[in-house]
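All remarks here apply to the structure that follows.
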Amino acid sequence: MAARPSRRRRRLILLAILVLALAPVTWIRTGPWQPVDRRQLLQIQPLALPAPSVGPFMLAGAWELKSSNSDFGGYSGLAVHDDGSLLAVSDKGSHLRFTAPGRPGPAPAFGSFVPGDADNKRAADIEAITRDPASGRFWLAYENSNAIERYDSGMRLEGRVAPAALRDWPTNGGPEAMVRLADGRFLILAERDHDGGAVDTPALLFDGDPVAGAKSRAFRFRAPAGYRPVDMAELPDGRVLILVRKVLWGLPPRFANQLVLADPATIGEGAAWQGEVIADLAAPLPSDNYEGLAIQSGPGQSDPRASGSHEAGPGEAITVWIVSDDNSIRLQKTLLLELRWRPNEKARGPAARPNR
């Protein structure tokens, strides 16, 4: 079996297909010939809600984000601040903090973690973010350099490490999903293996902060057939919600996404860790390259003022935020979905099924 193309090659193939299909349409949104735009402007346009439910989730909102800011787009990771605002990080090394639609809060703010080096893909390719609500610290995972960075609550860099356990991971398929668990451990999943056709992908469970030198143990993660992990977040009960994705090659290429529920307590030696598919992000939802996921819990999530730092109790609803990566291509969009869910009702949901 031929190896699957690397992330870089897949993106080049995607662009080539779009050129052939759409020429002479202008398809790249930004380019080096365009002037730098640092205006802090963000449009959030509501989309018609296509369906009331997505598996066990209720679809509470769908929006398209637009901006002329040069740092906008390519969002591959998402986190929720204590005030409920969202922090999106991109594979261009940039970030966007914005108030969730319909909520009161601060104006949008763009910035970069790698000033002056955003064109260096190896330095800028952020694929995941995870946050400690108690301290406000957050961690970034860089796919190409297989590195982890830690920032304080004021977004000041505290440390960077390239763990030895990550050195053999593919440079174009390294740490794609990362979560800091409530007990202080870190779970990191690779997007792919060196063997692009491998069913399982590398994974690590650190017993503490990787930047502080915590030890790790290796295992394998098994996504649904044909899918790869792109982000994950912890539920209040300790389980993990994992966003997985596959590319549907065609003219034009499309994307398929699913939500997988897995329990870190079941991670063991010698067996691939897997969960169960509980929802498909499929039609009539808008299709795009969903890559970022964050969980917000609070008393009565129908209340826009609910805080993101509250620990949900049994039976309480949570909000799941999902953002798409537009790959800097005009035909793709930056979409934001808001889903509501009561995790303890999952078992009665008709969409739940084991990975195959």
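Just a few scattered comments:
- Residues that are in a loop (DSSP other than H, G, I, E, B), over 14 Å from the mean Cα position of the chain (by Cα) and modelled with pLDDT of 80 or more, drawn from region 309-342: ALA317, GLN332, LYS333, ARG342
- Residue within region 21-44 that is at pLDDT 95 or above and in a strand (DSSP E or B) present: yes
- Condition check for GLY184: without any contact (Cβ under 8 Å) to a residue 60 or more places away in the chain and assigned to a loop (DSSP other than H, G, I, E, B): yes
- Condition check for GLY84: at pLDDT 90 or above, surrounded by 20 or more Cβ atoms within 10 Å (Cβ to Cβ), on the phi > 0 side of the Ramachandran plot and in contact with a strand residue (DSSP E or B) (Cβ under 9 Å, 6 or more places away or on another chain): yes
- Filter result for ALA109 (at pLDDT 95 or above, surrounded by fewer than 22 Cβ atoms within 10 Å (Cβ to Cβ) and among the aliphatic types (A, V, I, L, M)): yes
- Counting only residues that are of a type in the set (Asp, Glu), under 14 Å from the mean Cα position of the chain (by Cα) and in a strand (DSSP E or B), region 59-105 holds 0 of them.
- The number of residues in region 228-277 being in contact (Cβ under 8 Å) with a residue 60 or more places away in the chain, β-branched (Val, Ile, Thr) and under 21 Å from THR334 (Cβ atoms) comes to 2.
The values are calculated or read from the model by the stated rules, or taken from the named source; none is laboratory data. Bear in mind the structure is a predicted one, so any value in this text is a computation, not a measurement. Cβ sites come from the backbone with ideal geometry, for glycine too, and all protein chains shown count toward neighbours.
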